[in-house]
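Note sheet for the following structure.
The values are calculated or read from the model by the stated rules, or taken from the named source; none is laboratory data. Quick caveat, the model's predicted, so the values are computed rather than measured. Don't worry about glycine lacking a Cβ; one is built from the backbone with ideal geometry, like all the others, and counts go over all protein chains shown. Only protein heavy atoms, including side chains, enter the accessible area calculation; ligands, DNA and RNA are left aside. Shrake-Rupley method; radii C 1.70, N 1.55, O 1.52, S 1.80 Å.
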Amino acid sequence: MTTNTKKRDNLTITYIGGGSRGWAWNLMSDLALEPALSGRVKLYDIETEAALANEKIGNMVSARPDTVGKWKYETSPSLETALEGADFVVISILPGSFEEMASDVHAPEEYGIYQSVGDTAGPGGLLRALRTIPMFETIARAICETCPAAWVINYTNPMALCVRTLYEVFPGIKAFGCCHEVFGTQKLLAMVAREELGAQDATRKDIEVNVLGINHFTWLDRASYRGTDLFPAYAAFADRHFSEGYEGAEGGSWLNSWFASAERVKFDLFRRFGLIAAAGDRHLAEFMPPWYLKDPATVASWKFSLTPVSWRIENARKLREKSARLASGAEPFILASSGEEGVGQIKALLGLGSILTNVNLPNHGQIEGLPAKAVVETNAVFSGDSVRPVLAGFLPSSIHGHVARHVANHETILAAALTHDARAAFPAFLNDPLMTATPAEAEKLYAKMIAATSRHFADWKV
(Lines give C-alpha, C1' and ligand atoms only; values in the text may rest on other atoms or scores of the structure.)
Protein backbone atom coordinates (compact mmCIF):
# COMPACT_ATOMS: atom_id res chain seq x y z
CA MET A 1 0.00 0.00 0.00
CA THR A 2 1.11 3.57 -0.59
CA THR A 3 0.16 4.71 2.91
CA ASN A 4 3.10 3.21 4.81
CA THR A 5 2.63 3.59 8.56
CA LYS A 6 6.39 4.14 8.88
CA LYS A 7 6.37 6.99 6.36
CA ARG A 8 5.27 9.74 8.70
CA ASP A 9 8.11 12.18 8.01
CA ASN A 10 8.05 12.00 4.22
CA LEU A 11 4.38 12.16 3.27
CA THR A 12 2.91 13.51 0.07
CA ILE A 13 -0.46 15.22 0.31
CA THR A 14 -2.09 16.32 -2.92
CA TYR A 15 -4.54 19.19 -2.60
CA ILE A 16 -7.03 19.46 -5.48
CA GLY A 17 -8.38 22.97 -5.22
CA GLY A 18 -5.03 24.05 -3.84
CA GLY A 19 -5.81 27.71 -4.39
CA SER A 20 -8.48 27.53 -1.72
CA ARG A 21 -8.64 30.51 0.63
CA GLY A 22 -10.43 28.64 3.38
CA TRP A 23 -9.90 24.91 3.71
CA ALA A 24 -6.32 25.13 2.44
CA TRP A 25 -5.35 27.68 5.07
CA ASN A 26 -6.99 25.50 7.73
CA LEU A 27 -4.94 22.52 6.59
CA MET A 28 -1.73 24.57 6.57
CA SER A 29 -2.34 25.65 10.14
CA ASP A 30 -3.23 22.16 11.38
CA LEU A 31 -0.22 20.59 9.67
CA ALA A 32 2.08 23.26 11.07
CA LEU A 33 0.89 22.50 14.60
CA GLU A 34 1.31 18.71 14.29
CA PRO A 35 4.82 17.48 15.23
CA ALA A 36 4.28 13.84 14.20
CA LEU A 37 3.99 14.49 10.45
CA SER A 38 6.01 16.17 7.73
CA GLY A 39 6.55 16.00 3.98
CA ARG A 40 5.28 17.91 0.97
CA VAL A 41 1.92 19.31 -0.12
CA LYS A 42 1.32 19.41 -3.86
CA LEU A 43 -1.18 22.10 -4.82
CA TYR A 44 -3.28 21.86 -7.96
CA ASP A 45 -5.89 24.39 -9.00
CA ILE A 46 -7.35 25.55 -12.31
CA GLU A 47 -6.50 29.03 -11.00
CA THR A 48 -2.73 28.58 -10.99
CA GLU A 49 -2.07 32.00 -9.49
CA ALA A 50 -4.17 31.13 -6.44
CA ALA A 51 -2.21 27.91 -5.95
CA LEU A 52 1.10 29.77 -6.32
CA ALA A 53 0.01 32.23 -3.64
CA ASN A 54 -0.76 29.34 -1.29
CA GLU A 55 2.62 27.82 -2.14
CA LYS A 56 4.28 31.01 -0.87
CA ILE A 57 2.07 31.18 2.19
CA GLY A 58 2.59 27.53 3.08
CA ASN A 59 6.37 27.68 2.75
CA MET A 60 6.51 30.88 4.81
CA VAL A 61 4.49 29.19 7.54
CA SER A 62 6.70 26.11 7.44
CA ALA A 63 9.85 28.24 7.79
CA ARG A 64 8.65 29.86 11.01
CA PRO A 65 10.40 28.82 14.25
CA ASP A 66 7.07 28.23 15.99
CA THR A 67 6.05 25.66 13.36
CA VAL A 68 6.59 22.09 14.54
CA GLY A 69 5.26 20.32 11.44
CA LYS A 70 7.55 21.01 8.49
CA TRP A 71 6.14 20.83 4.97
CA LYS A 72 7.27 21.88 1.52
CA TYR A 73 4.49 23.35 -0.61
CA GLU A 74 4.72 23.18 -4.39
CA THR A 75 2.29 23.97 -7.20
CA SER A 76 1.68 21.26 -9.80
CA PRO A 77 0.92 22.13 -13.43
CA SER A 78 -1.60 19.32 -13.99
CA LEU A 79 -3.90 17.01 -12.09
CA GLU A 80 -1.87 13.95 -13.05
CA THR A 81 1.41 15.54 -11.95
CA ALA A 82 -0.14 16.58 -8.68
CA LEU A 83 -1.34 13.04 -7.96
CA GLU A 84 2.00 11.33 -8.62
CA GLY A 85 3.26 9.74 -5.41
CA ALA A 86 0.30 10.91 -3.33
CA ASP A 87 -0.32 9.22 0.01
CA PHE A 88 -3.36 11.40 0.69
CA VAL A 89 -5.55 13.42 -1.65
CA VAL A 90 -7.65 16.32 -0.36
CA ILE A 91 -10.44 17.63 -2.60
CA SER A 92 -11.88 21.07 -1.93
CA ILE A 93 -13.09 22.80 -5.07
CA LEU A 94 -15.69 25.35 -6.11
CA PRO A 95 -17.57 23.60 -8.95
CA GLY A 96 -18.38 26.50 -11.19
CA SER A 97 -18.39 30.26 -10.91
CA PHE A 98 -20.16 32.53 -8.46
CA GLU A 99 -22.27 33.79 -11.35
CA GLU A 100 -23.48 30.23 -11.92
CA MET A 101 -24.07 29.84 -8.20
CA ALA A 102 -26.16 33.03 -8.32
CA SER A 103 -28.46 31.28 -10.78
CA ASP A 104 -28.56 28.17 -8.60
CA VAL A 105 -29.63 30.13 -5.56
CA HIS A 106 -31.65 33.05 -6.90
CA ALA A 107 -33.32 31.95 -10.17
CA PRO A 108 -35.91 29.83 -8.29
CA GLU A 109 -37.00 32.90 -6.32
CA GLU A 110 -38.98 34.00 -9.40
CA TYR A 111 -41.30 31.09 -8.60
CA GLY A 112 -41.36 31.65 -4.85
CA ILE A 113 -38.70 29.02 -4.09
CA TYR A 114 -36.13 30.21 -1.56
CA GLN A 115 -32.87 28.50 -0.62
CA SER A 116 -30.64 29.35 2.30
CA VAL A 117 -27.49 27.67 0.91
CA GLY A 118 -28.23 26.06 -2.45
CA ASP A 119 -25.24 23.71 -2.60
CA THR A 120 -26.69 20.34 -1.52
CA ALA A 121 -30.48 20.11 -1.85
CA GLY A 122 -33.15 22.14 -3.60
CA PRO A 123 -33.03 23.22 -7.26
CA GLY A 124 -29.64 24.86 -6.71
CA GLY A 125 -28.12 21.77 -5.17
CA LEU A 126 -29.22 19.73 -8.18
CA LEU A 127 -27.66 22.12 -10.72
CA ARG A 128 -24.47 22.27 -8.71
CA ALA A 129 -24.39 18.46 -8.66
CA LEU A 130 -24.75 18.25 -12.44
CA ARG A 131 -21.69 20.48 -12.78
CA THR A 132 -19.72 18.71 -10.08
CA ILE A 133 -20.19 15.03 -10.91
CA PRO A 134 -18.24 15.12 -14.22
CA MET A 135 -15.39 16.89 -12.43
CA PHE A 136 -15.29 14.13 -9.81
CA GLU A 137 -15.49 11.53 -12.55
CA THR A 138 -12.28 12.98 -13.99
CA ILE A 139 -10.65 13.10 -10.55
CA ALA A 140 -11.64 9.51 -9.75
CA ARG A 141 -10.18 8.20 -13.02
CA ALA A 142 -6.95 10.11 -12.46
CA ILE A 143 -6.61 8.71 -8.92
CA CYS A 144 -7.27 5.19 -10.22
CA GLU A 145 -4.54 5.55 -12.81
CA THR A 146 -1.97 7.50 -10.77
CA CYS A 147 -2.27 6.79 -7.03
CA PRO A 148 -4.90 4.07 -6.49
CA ALA A 149 -3.80 3.29 -2.92
CA ALA A 150 -4.01 6.89 -1.69
CA TRP A 151 -6.61 7.89 0.87
CA VAL A 152 -8.98 10.55 -0.47
CA ILE A 153 -10.59 13.16 1.79
CA ASN A 154 -13.42 15.16 0.23
CA TYR A 155 -14.69 18.50 1.55
CA THR A 156 -16.61 19.57 -1.57
CA ASN A 157 -20.41 19.89 -1.72
CA PRO A 158 -22.74 18.31 -2.61
CA MET A 159 -20.87 15.93 -0.32
CA ALA A 160 -22.91 12.75 -0.75
CA LEU A 161 -22.93 12.91 -4.55
CA CYS A 162 -19.22 13.78 -4.71
CA VAL A 163 -18.27 10.72 -2.69
CA ARG A 164 -20.87 8.59 -4.48
CA THR A 165 -19.28 9.54 -7.82
CA LEU A 166 -15.78 8.65 -6.66
CA TYR A 167 -16.88 5.12 -5.75
CA GLU A 168 -19.08 4.68 -8.82
CA VAL A 169 -16.19 5.51 -11.15
CA PHE A 170 -13.43 3.80 -9.12
CA PRO A 171 -14.98 1.16 -6.83
CA GLY A 172 -11.61 0.40 -5.25
CA ILE A 173 -10.99 3.95 -4.11
CA LYS A 174 -10.30 4.65 -0.43
CA ALA A 175 -12.35 7.79 -0.02
CA PHE A 176 -14.51 9.46 2.59
CA GLY A 177 -16.24 12.80 2.99
CA CYS A 178 -15.79 15.14 5.96
CA CYS A 179 -18.28 17.70 7.24
CA HIS A 180 -18.24 19.70 10.48
CA GLU A 181 -22.00 20.20 10.81
CA VAL A 182 -22.31 17.47 13.47
CA PHE A 183 -19.56 19.23 15.43
CA GLY A 184 -21.81 22.28 15.73
CA THR A 185 -24.60 20.14 17.19
CA GLN A 186 -22.15 18.60 19.65
CA LYS A 187 -21.23 22.14 20.73
CA LEU A 188 -24.92 22.84 21.27
CA LEU A 189 -25.24 19.65 23.30
CA ALA A 190 -22.28 20.73 25.42
CA MET A 191 -24.23 23.89 26.22
CA VAL A 192 -27.23 21.70 27.07
CA ALA A 193 -25.03 19.76 29.50
CA ARG A 194 -23.89 23.03 31.08
CA GLU A 195 -27.35 24.53 31.40
CA GLU A 196 -29.38 21.44 32.28
CA LEU A 197 -26.83 19.26 34.11
CA GLY A 198 -24.61 21.93 35.64
CA ALA A 199 -21.58 20.53 33.79
CA GLN A 200 -19.80 23.86 33.36
CA ASP A 201 -16.67 22.30 31.87
CA ALA A 202 -18.51 20.34 29.15
CA THR A 203 -17.02 20.61 25.64
CA ARG A 204 -17.82 19.12 22.27
CA LYS A 205 -15.30 16.35 22.83
CA ASP A 206 -17.27 15.18 25.87
CA ILE A 207 -20.41 14.57 23.83
CA GLU A 208 -20.88 11.05 22.46
CA VAL A 209 -23.45 10.68 19.69
CA ASN A 210 -24.80 8.10 17.26
CA VAL A 211 -25.01 9.70 13.82
CA LEU A 212 -27.27 8.54 11.01
CA GLY A 213 -28.60 10.16 7.87
CA ILE A 214 -27.12 11.86 4.83
CA ASN A 215 -24.83 14.85 4.71
CA HIS A 216 -26.45 18.07 5.94
CA PHE A 217 -29.54 16.02 6.87
CA THR A 218 -28.05 14.05 9.75
CA TRP A 219 -29.82 12.91 12.91
CA LEU A 220 -28.85 11.70 16.38
CA ASP A 221 -30.83 8.96 18.09
CA ARG A 222 -28.39 8.77 21.01
CA ALA A 223 -26.43 11.52 22.74
CA SER A 224 -24.71 11.44 26.10
CA TYR A 225 -22.39 13.44 28.31
CA ARG A 226 -19.99 11.25 30.30
CA GLY A 227 -22.52 8.44 30.36
CA THR A 228 -25.60 10.59 31.04
CA ASP A 229 -28.37 10.44 28.42
CA LEU A 230 -28.85 13.96 27.04
CA PHE A 231 -32.23 13.45 25.38
CA PRO A 232 -34.33 14.43 28.43
CA ALA A 233 -32.10 17.46 28.98
CA TYR A 234 -32.30 18.42 25.31
CA ALA A 235 -36.10 18.15 25.38
CA ALA A 236 -36.28 20.56 28.32
CA PHE A 237 -33.70 22.87 26.71
CA ALA A 238 -35.55 22.90 23.36
CA ASP A 239 -38.89 23.65 25.02
CA ARG A 240 -37.46 26.50 27.07
CA HIS A 241 -35.62 28.14 24.17
CA PHE A 242 -37.96 27.31 21.31
CA SER A 243 -39.81 30.62 21.08
CA GLU A 244 -36.81 32.94 21.26
CA GLY A 245 -34.15 30.57 20.03
CA TYR A 246 -30.64 29.99 21.41
CA GLU A 247 -27.40 31.45 20.11
CA GLY A 248 -24.86 30.46 22.74
CA ALA A 249 -23.23 27.50 21.04
CA GLU A 250 -21.56 29.31 18.13
CA GLY A 251 -20.17 32.80 17.73
CA GLY A 252 -22.33 35.51 16.21
CA SER A 253 -26.02 36.20 15.95
CA TRP A 254 -28.26 35.32 13.02
CA LEU A 255 -28.97 39.05 12.76
CA ASN A 256 -25.36 39.92 11.87
CA SER A 257 -23.99 36.67 10.40
CA TRP A 258 -25.13 34.94 7.24
CA PHE A 259 -24.14 31.58 8.74
CA ALA A 260 -25.50 31.77 12.29
CA SER A 261 -28.92 30.65 13.47
CA ALA A 262 -30.93 30.55 16.68
CA GLU A 263 -31.40 26.74 16.39
CA ARG A 264 -35.19 27.09 16.10
CA VAL A 265 -35.36 24.73 13.10
CA LYS A 266 -33.44 22.11 15.09
CA PHE A 267 -35.76 22.50 18.04
CA ASP A 268 -38.86 22.29 15.84
CA LEU A 269 -37.65 19.12 14.12
CA PHE A 270 -36.93 17.55 17.51
CA ARG A 271 -40.39 18.39 18.76
CA ARG A 272 -41.93 16.91 15.60
CA PHE A 273 -39.83 13.78 15.15
CA GLY A 274 -38.18 13.00 18.48
CA LEU A 275 -34.58 12.82 17.16
CA ILE A 276 -31.95 15.56 17.32
CA ALA A 277 -31.31 17.08 13.89
CA ALA A 278 -27.54 17.38 13.60
CA ALA A 279 -26.76 20.05 11.01
CA GLY A 280 -27.07 23.80 10.79
CA ASP A 281 -30.57 25.23 10.41
CA ARG A 282 -29.69 26.70 7.00
CA HIS A 283 -28.99 23.21 5.66
CA LEU A 284 -31.75 21.36 7.49
CA ALA A 285 -34.43 23.72 6.18
CA GLU A 286 -33.58 22.87 2.56
CA PHE A 287 -34.29 19.15 2.98
CA MET A 288 -37.84 19.64 4.20
CA PRO A 289 -40.93 21.02 2.48
CA PRO A 290 -40.90 24.84 2.64
CA TRP A 291 -41.99 24.94 6.27
CA TYR A 292 -39.05 27.19 7.06
CA LEU A 293 -38.33 28.64 3.59
CA LYS A 294 -41.76 29.72 2.39
CA ASP A 295 -40.60 33.33 1.97
CA PRO A 296 -38.05 35.73 3.52
CA ALA A 297 -40.44 36.69 6.32
CA THR A 298 -40.86 33.03 7.27
CA VAL A 299 -37.10 32.54 7.25
CA ALA A 300 -36.66 35.53 9.56
CA SER A 301 -39.28 34.16 11.93
CA TRP A 302 -37.19 31.00 12.28
CA LYS A 303 -34.11 33.16 12.92
CA PHE A 304 -31.69 32.15 10.20
CA SER A 305 -30.70 33.74 6.89
CA LEU A 306 -30.90 33.38 3.15
CA THR A 307 -27.21 33.73 2.25
CA PRO A 308 -27.02 35.86 -0.94
CA VAL A 309 -24.44 35.01 -3.55
CA SER A 310 -23.58 38.70 -3.72
CA TRP A 311 -22.12 38.34 -0.23
CA ARG A 312 -20.06 35.34 -1.36
CA ILE A 313 -18.70 37.34 -4.29
CA GLU A 314 -17.71 40.21 -2.00
CA ASN A 315 -16.21 37.82 0.54
CA ALA A 316 -14.17 36.13 -2.22
CA ARG A 317 -12.78 39.54 -3.18
CA LYS A 318 -11.72 40.17 0.42
CA LEU A 319 -10.11 36.74 0.64
CA ARG A 320 -8.13 37.38 -2.57
CA GLU A 321 -6.83 40.57 -1.00
CA LYS A 322 -5.98 38.71 2.20
CA SER A 323 -4.16 36.04 0.18
CA ALA A 324 -2.00 38.72 -1.44
CA ARG A 325 -1.17 40.21 1.97
CA LEU A 326 -0.31 36.80 3.45
CA ALA A 327 1.85 35.85 0.45
CA SER A 328 3.75 39.14 0.60
CA GLY A 329 4.22 38.98 4.36
CA ALA A 330 2.21 42.18 4.85
CA GLU A 331 -0.19 40.24 7.10
CA PRO A 332 0.98 37.54 9.51
CA PHE A 333 -0.46 34.05 9.19
CA ILE A 334 -2.06 33.16 12.52
CA LEU A 335 -1.41 29.61 13.62
CA ALA A 336 -4.48 28.14 15.32
CA SER A 337 -6.25 24.82 15.28
CA SER A 338 -9.09 24.85 12.76
CA GLY A 339 -11.24 22.48 14.78
CA GLU A 340 -11.40 20.13 11.78
CA GLU A 341 -10.29 16.51 12.14
CA GLY A 342 -8.50 15.96 8.83
CA VAL A 343 -5.00 15.83 10.30
CA GLY A 344 -6.19 13.60 13.13
CA GLN A 345 -7.72 11.27 10.54
CA ILE A 346 -4.44 11.19 8.61
CA LYS A 347 -2.54 10.33 11.77
CA ALA A 348 -4.93 7.50 12.60
CA LEU A 349 -4.70 6.10 9.06
CA LEU A 350 -0.91 6.11 9.47
CA GLY A 351 -1.22 4.01 12.62
CA LEU A 352 -0.79 6.83 15.12
CA GLY A 353 -3.72 5.89 17.34
CA SER A 354 -7.39 5.71 16.40
CA ILE A 355 -10.33 8.11 16.40
CA LEU A 356 -14.11 7.87 16.15
CA THR A 357 -15.82 10.59 14.12
CA ASN A 358 -18.62 11.16 11.64
CA VAL A 359 -17.84 10.66 7.96
CA ASN A 360 -19.59 10.06 4.65
CA LEU A 361 -19.18 6.59 3.15
CA PRO A 362 -21.15 4.23 0.90
CA ASN A 363 -23.83 2.34 2.78
CA HIS A 364 -22.75 -1.21 3.50
CA GLY A 365 -25.42 -1.76 6.11
CA GLN A 366 -24.41 0.89 8.62
CA ILE A 367 -27.86 2.44 8.12
CA GLU A 368 -30.65 -0.10 7.75
CA GLY A 369 -33.31 0.55 5.16
CA LEU A 370 -31.30 2.80 2.84
CA PRO A 371 -29.91 1.42 -0.43
CA ALA A 372 -26.47 -0.12 -0.70
CA LYS A 373 -23.94 2.23 -2.27
CA ALA A 374 -25.91 5.33 -1.26
CA VAL A 375 -23.48 7.61 0.56
CA VAL A 376 -24.62 8.02 4.15
CA GLU A 377 -23.19 9.81 7.17
CA THR A 378 -22.47 7.83 10.32
CA ASN A 379 -19.65 7.48 12.79
CA ALA A 380 -16.61 5.48 11.71
CA VAL A 381 -13.45 4.24 13.40
CA PHE A 382 -10.16 5.42 11.87
CA SER A 383 -7.08 3.29 12.53
CA GLY A 384 -4.07 1.98 10.61
CA ASP A 385 -5.02 2.12 6.90
CA SER A 386 -8.67 1.52 7.78
CA VAL A 387 -11.97 3.40 8.06
CA ARG A 388 -14.66 1.15 9.51
CA PRO A 389 -18.19 2.58 9.61
CA VAL A 390 -20.12 2.02 12.81
CA LEU A 391 -23.46 0.20 12.68
CA ALA A 392 -25.84 3.11 13.27
CA GLY A 393 -29.19 1.33 13.12
CA PHE A 394 -32.23 2.74 11.35
CA LEU A 395 -34.17 5.96 11.13
CA PRO A 396 -37.77 5.94 12.37
CA SER A 397 -40.27 5.77 9.52
CA SER A 398 -41.36 9.38 10.05
CA ILE A 399 -37.82 10.56 9.21
CA HIS A 400 -36.83 7.72 6.90
CA GLY A 401 -39.28 8.85 4.23
CA HIS A 402 -37.78 12.33 4.09
CA VAL A 403 -34.23 10.98 3.86
CA ALA A 404 -35.08 8.24 1.36
CA ARG A 405 -36.63 10.81 -0.98
CA HIS A 406 -33.31 12.64 -1.21
CA VAL A 407 -31.35 9.40 -1.63
CA ALA A 408 -33.61 8.47 -4.56
CA ASN A 409 -33.00 11.90 -6.08
CA HIS A 410 -29.24 11.41 -5.68
CA GLU A 411 -29.36 8.24 -7.76
CA THR A 412 -31.38 9.97 -10.48
CA ILE A 413 -28.98 12.92 -10.58
CA LEU A 414 -25.90 10.67 -10.64
CA ALA A 415 -27.18 8.61 -13.58
CA ALA A 416 -28.09 11.77 -15.49
CA ALA A 417 -24.71 13.41 -14.94
CA LEU A 418 -22.68 10.31 -15.83
CA THR A 419 -24.61 9.94 -19.11
CA HIS A 420 -24.57 13.70 -19.85
CA ASP A 421 -28.34 13.77 -20.06
CA ALA A 422 -29.74 16.84 -18.32
CA ARG A 423 -33.30 15.83 -19.18
CA ALA A 424 -32.86 12.65 -17.13
CA ALA A 425 -32.32 14.75 -13.99
CA PHE A 426 -35.58 16.67 -14.34
CA PRO A 427 -37.65 14.08 -12.39
CA ALA A 428 -35.40 14.73 -9.38
CA PHE A 429 -35.88 18.47 -9.90
CA LEU A 430 -39.65 17.95 -9.68
CA ASN A 431 -39.34 15.55 -6.74
CA ASP A 432 -37.39 17.92 -4.50
CA PRO A 433 -39.51 18.93 -1.49
CA LEU A 434 -38.80 22.63 -2.09
CA MET A 435 -40.27 22.42 -5.61
CA THR A 436 -43.63 24.14 -5.22
CA ALA A 437 -43.88 25.32 -8.83
CA THR A 438 -46.24 23.55 -11.24
CA PRO A 439 -44.64 21.05 -13.66
CA ALA A 440 -44.94 23.58 -16.48
CA GLU A 441 -43.31 26.29 -14.36
CA ALA A 442 -40.63 23.85 -13.26
CA GLU A 443 -39.84 23.10 -16.92
CA LYS A 444 -39.27 26.80 -17.58
CA LEU A 445 -37.17 27.23 -14.45
CA TYR A 446 -35.07 24.17 -15.21
CA ALA A 447 -34.38 25.35 -18.75
CA LYS A 448 -33.38 28.78 -17.44
CA MET A 449 -31.02 27.31 -14.83
CA ILE A 450 -29.44 24.92 -17.33
CA ALA A 451 -28.90 27.82 -19.75
CA ALA A 452 -27.24 29.89 -17.01
CA THR A 453 -24.58 27.22 -16.56
CA SER A 454 -24.57 26.00 -20.18
CA ARG A 455 -20.79 26.02 -20.62
CA HIS A 456 -20.73 22.85 -18.51
CA PHE A 457 -23.33 21.11 -20.70
CA ALA A 458 -22.02 21.71 -24.22
CA ASP A 459 -22.10 18.02 -25.16
CA TRP A 460 -25.14 17.08 -23.06
CA LYS A 461 -28.72 16.25 -23.96
CA VAL A 462 -30.63 19.30 -22.74
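Listed values, structure above:
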item	result
Candidates ALA451, ALA447, ALA372, ALA417, filtered to the one that is over 16 Å from GLY124 (Cα atoms) and either at pLDDT 95 or above or part of a helix (DSSP H, G or I) (or both)	ALA372
Leading residue by the ranking (least open to solvent (accessible area, probe 1.4 Å)) among those in segment 382-400 that are closer than 24 Å to THR156 by Cβ and assigned to a strand (DSSP E or B)	PHE382
Boolean, SER397 is closer than 22 Å to HIS180 by Cβ, among the hydroxyl-bearing types (Ser, Thr, Tyr) and more than 20 Å from the chain's Cα centre (by Cα)	no
Unmet criterion (only one of (1) open to solvent by 20 Å² or more (accessible area, probe 1.4 Å); (2) assigned to a loop (DSSP other than H, G, I, E, B)) for ASN26	(2)
Cβ-Cβ under 7 Å pairs, at least 6 apart or on other chains, segment 379-405 side hydroxyl-bearing (Ser, Thr, Tyr), far side open to solvent by 50 Å² or more (accessible area, probe 1.4 Å)	SER383/SER354
Some residue of segment 409-425 being within 23 Å of VAL182 (Cβ to Cβ) and in contact (Cβ under 8 Å) with a residue 24 or more places away in the chain	yes
Failed criterion for VAL359 (all others in (1) touching a Lys or Arg at 6+ places or on another chain (Cβ under 9 Å); (2) crowded, with 18+ Cβ neighbours inside 10 Å; (3) within 23 Å of ALA129 (Cβ to Cβ) hold)	(1)
Subset of segment 229-269 [in contact (Cβ under 8 Å) with a residue 24 or more places away in the chain, in a loop (DSSP other than H, G, I, E, B) and among the small types (Gly, Ala, Ser)]	GLY245, GLY248, ALA249, SER257, ALA260, SER261, ALA262
Residue within segment 332-340 that is more than 22 Å from SER261 (Cα to Cα) and either in a helix (DSSP H, G or I) or in contact with a Phe, Trp or Tyr (Cβ under 6 Å, 6 or more places away or on another chain) (or both) present	no
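Each row is one residue, and each column tells you yes or no for (1) out of contact with any helix residue (DSSP H, G or I) (no Cβ under 6 Å at 6 or more places or on another chain); (2) among the aromatic types (Phe, Trp, Tyr); (3) surrounded by fewer than 21 Cβ atoms within 10 Å (Cβ to Cβ).
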| site | (1), (2), (3) |
| --- | --- |
| ARG222 | yes, no, yes |
| ASP229 | yes, no, yes |
| TYR234 | no, yes, no |
| PHE242 | no, yes, yes |
| ASN256 | yes, no, yes |
| VAL265 | no, no, no |
| ALA278 | no, no, no |
